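Structure, as structure tokens:
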Amino acid sequence: MGQSTGRRATPMTHRTTPLVPACHLFVHRGVPFAFDCAKLVFLKLDEVSYALLERLQAGATFGAALTALEKQFDPEAVERVAGDIALLRRQGLLTGPVTTYDDADYERQIGRLVKMSTNKIELYLAEACNLRCRYCYVAENDAMHNGLMPWEVAKAAVDLVFRRGAAMDSIQITFFGGEPLLNMDGLRFVVDHARRRCRAAGKRARFAVVTNGSRVDEQTATFLRENGFAVTLSFDGPPEVHNRMRPFANGRPSFDATMSGANALRGAGIDLFVRCTVTRHCLDTPKLVCFFRDQGFEHFQLTRSEGRVDMIGPHDLGPSDWAIARGHEGRLADELLHSLSAGSRKHRTPVLISLDEIHHCRSAGLPCGVTRGVTTIDAEGKLYPCHRYVGMDKFVIGDIWEGVSRERQATYLREFFAVRSACQGCWARNVCEVHCPWYLSTAEGRVVSPPEWRCREAKANEELATRQRELLTALVGSRDAHPGLGVTLDRKENDKYAVQSATADCANRWHVCRAICCYALSFSISEQDVAEGLVQWDADRPYRIAREPDGKCVHLDREKYQCTLREHRPRICRIYDCRNDRRIWKEYDGLVLADWAAREIAKRFASCAGDRGAD
């Protein structure tokens, strides 16, 4: 493993007083937010609540903070906010504590990890490649020098995964490279040998492959489909981008070959997952997304090329590139949010890839299956923590004949946790994207902390993620309806199709009231409406009913003044009765509008030449 970093985790015991504040306050797009560091919830605030939390973070008592705010803001607003914060605290928000860990905690984790069974292995089937990707991380090590994996190494690798997962009912083998399909004979051999062993042991075999697609023909695609392969295709986008970044070894463009392979795989019925690497030469991720959508790819992910902590290459994103990338990713999140609010239920965007984990705390443990589920075997039979380490001999953790060395595995994990422990005082610790162990590893065999600029960019990305977290809330309705969270829902659990509808005589009153209730009254739709996906909601205020720029409900027919979604209209629309609403009618039977309604109608319709008159 090489020299130790010399960094040991500072002794930190569990405590009730967190090392990080209960919340992190910031302003995003002019809107104040609080991030609950323990619950991983973003709260959309107003001016008063932001000022209150700011004073509480500065050490003021609740009472003293309220007294000071009453001199600055309207006392009623302060009282309301005080009630809101108290409610949120009763729900477990803004109170902490944020769990911390000491050396003993990490040692216990290491002890569990080195003893854990795993039924997964990755084979670096070909330490060779027919492409010369300009950003490829293996250019700095020996991962391309050993050719194809011999059959005896492949056989021993399969036997190893059976030993490691002896108590499990399945095994999973992922084929990597280089380009693994350069060793198609070896791949077929592994599949056959694994299936024979599975039949004898009563297990199931699962296979996956990561390929550049250039070697795929109909025969290969059929073999992969018949053996149930999960296929990840490395594909960097339109020809001008892909060909620049991923030429063949002789310099020729590879786009056509990759697209041909993709079509062969799709033609065989394989549901492809596309992995696109974003470099500093094409930070326009919306352009890439449009390309993959237009080509009909259902599942794709954009990942940044950023090298290692000690190795930023000429194509990797450097300090000056991250702000540009964030701007583009913000556009993607906005696009998806608006698409959802418009009622679209089919979305091909990489934003959705990360949503499953957005509201889940990354524990102080490992962020991935490094040294376990993604243990990788090179062509010589050496074991590495994952495929990215192949060729970095100072990170070898064993071999296929003796298995993983628990001592080397523990040393590696100990150095990684020592680096993670230095992050305990950071508000973004549990949502930080700088968690790839390989990224933190140096060529000398050390695991080190990321540079300050990278941490700074990660925090900025987390503040950008407010938009994505709003999006997740809108998608799954997983957060409470309290206004402080920026989300509202009609919480009545009645089936809207079973409620008694109001009997207001709308048909004979629309020429007077101009359906002002559908223009000027804002309300929240229900979880039932969200689940149906028919009622549209406001992209910026989920789940408020969606409206046109002039305030008209998007489901109101402007010509007929009728609801275009009448059969499926929200519960609130069904039970609303304007007969007793003094905002609308001064005299319901006499068709005399109330002053407020009259003003609203005059304001909204006086200059609308396209609207019907009061006929």
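The values are calculated or read from the model by the stated rules, or taken from the named source; none is laboratory data. Treat the numbers as computed from the prediction; the structure is a model and nothing was measured. All Cβ positions, glycine included, derive from the backbone under ideal geometry; neighbour counts span all protein chains shown.
Of the residues that sit in segment 567-582 and are in a loop (DSSP other than H, G, I, E, B) and within 15 Å of residue 490 (Cα to Cα), which one is farthest from the chain's Cα centre (by Cα)?
Taking segment 567-582 as the starting set, the residues that turn out to be in a loop (DSSP other than H, G, I, E, B) are 569-570, 576-577, 581-582.
From what is left, the residues that are within 15 Å of residue 490 (Cα to Cα) are 569-570, 576.
Working: 569: 32, 570: 30, 576: 39 Å.
Filtering first and then ranking leaves 576.
Of the conditions (1) at pLDDT 85 or above; (2) in a loop (DSSP other than H, G, I, E, B); (3) assigned by TED's automatic domain parsing to the domain that holds residue 250; (4) among the hydrophobic types (A, V, I, L, M, F, W, C), residue 154 clears all except one; give me its number.
Exception for residue 154: condition (2).
Per-residue answers, yes or no, for (1) in a helix (DSSP H, G or I); (2) in contact (Cβ under 8 Å) with a residue 24 or more places away in the chain; (3) in contact with a Pro (Cβ under 9 Å, 6 or more places away or on another chain):
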{"position": "240", "(1), (2), (3)": "yes, no, no"}
{"position": "253", "(1), (2), (3)": "no, no, yes"}
{"position": "256", "(1), (2), (3)": "yes, no, yes"}
{"position": "270", "(1), (2), (3)": "no, yes, no"}
{"position": "275", "(1), (2), (3)": "no, yes, no"}
{"position": "280", "(1), (2), (3)": "no, yes, yes"}
{"position": "289", "(1), (2), (3)": "yes, yes, yes"}
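Report yes if residue 200 is outside any loop (DSSP other than H, G, I, E, B), among the small types (Gly, Ala, Ser), assigned by TED's automatic domain parsing to the domain that holds residue 272 and within 23 Å of residue 119 (Cα to Cα), otherwise no.
Working: outside any loop (DSSP other than H, G, I, E, B): yes; among the small types (Gly, Ala, Ser): yes; assigned by TED's automatic domain parsing to the domain that holds residue 272: yes; within 23 Å of residue 119 (Cα to Cα): yes.
Yes.
Mind checking which residues of segment 507-533 are surrounded by 13 or more Cβ atoms within 10 Å (Cβ to Cβ), without any contact (Cβ under 8 Å) to a residue 60 or more places away in the chain and more than 45 Å from the chain's Cα centre (by Cα)?
510
Exactly one condition in (1) of a type in the set (A, V, I, L, M, F, W, C); (2) over 20 Å from residue 299 (Cα atoms); (3) over 30 Å from the mean Cα position of the chain (by Cα); (4) buried (at least 16 other Cβ atoms within 10 Å of the Cβ) is not met by residue 216; state its number.
(2)
Can you tell me which of (1) part of a strand (DSSP E or B); (2) more than 30 Å from residue 448 (Cβ to Cβ) is the one residue 302 doesn't meet?
Going through the list (1) part of a strand (DSSP E or B); (2) more than 30 Å from residue 448 (Cβ to Cβ), residue 302 breaks only (2).
Based on what the data block shows, is residue 59 surrounded by fewer than 12 Cβ atoms within 10 Å (Cβ to Cβ) and either at pLDDT below 90 or within 30 Å of the chain's Cα centre (by Cα) (or both)?
Values: surrounded by fewer than 12 Cβ atoms within 10 Å (Cβ to Cβ): yes; either at pLDDT below 90 or within 30 Å of the chain's Cα centre (by Cα) (or both): yes.
Criteria met by residue 59.
Could you list, in sequence order, the residues of segment 219-251 that are crowded, with 16+ Cβ neighbours inside 10 Å, farther than 18 Å from residue 264 by Cβ and of a type in the set (A, V, I, L, M)?
Those that are crowded, with 16+ Cβ neighbours inside 10 Å, farther than 18 Å from residue 264 by Cβ and of a type in the set (A, V, I, L, M): 241, 245.
So, in segment 22-41, of the ones that are at pLDDT below 75 and buried (at least 19 other Cβ atoms within 10 Å of the Cβ), which residue ends up farthest from residue 72 (Cα to Cα)?
39
Of everything in segment 99-140, what is in a loop (DSSP other than H, G, I, E, B) and in contact with an Asp or Glu (Cβ under 8 Å, 6 or more places away or on another chain)? Give them in sequence order. It would help to see each step written out before you state the result.
As a first pass, look at segment 99-140 and keep what is in a loop (DSSP other than H, G, I, E, B): 99-102, 116-119, 128-130, 132-136.
Passing the criteria: 128, 129, 130, 135.
Is it the case that segment 164-183 has a residue that's assigned to a loop (DSSP other than H, G, I, E, B), modelled with pLDDT of 95 or more and in the same structural domain as residue 392 (by TED's automatic domain parsing)?
Residues of segment 164-183 that are assigned to a loop (DSSP other than H, G, I, E, B), as a first pass: 165-169, 178-179.
Next cut, modelled with pLDDT of 95 or more only: 179.
Remaining after also requiring in the same structural domain as residue 392 (by TED's automatic domain parsing): 179.
The answer is yes; a qualifying residue exists.
What is the residue count in segment 399-447 for residues that are among the polar types (S, T, N, Q) and touching a Lys or Arg at 6+ places or on another chain (Cβ under 9 Å)? It would help to see each step written out before you state the result.
Just the residues of segment 399-447 that are among the polar types (S, T, N, Q), to begin with: 405, 409, 411, 421, 424, 430, 441-442.
Next, from what is left, pick out any that are touching a Lys or Arg at 6+ places or on another chain (Cβ under 9 Å): 409, 421, 430, 441-442.
Residues meeting the conditions: 5.
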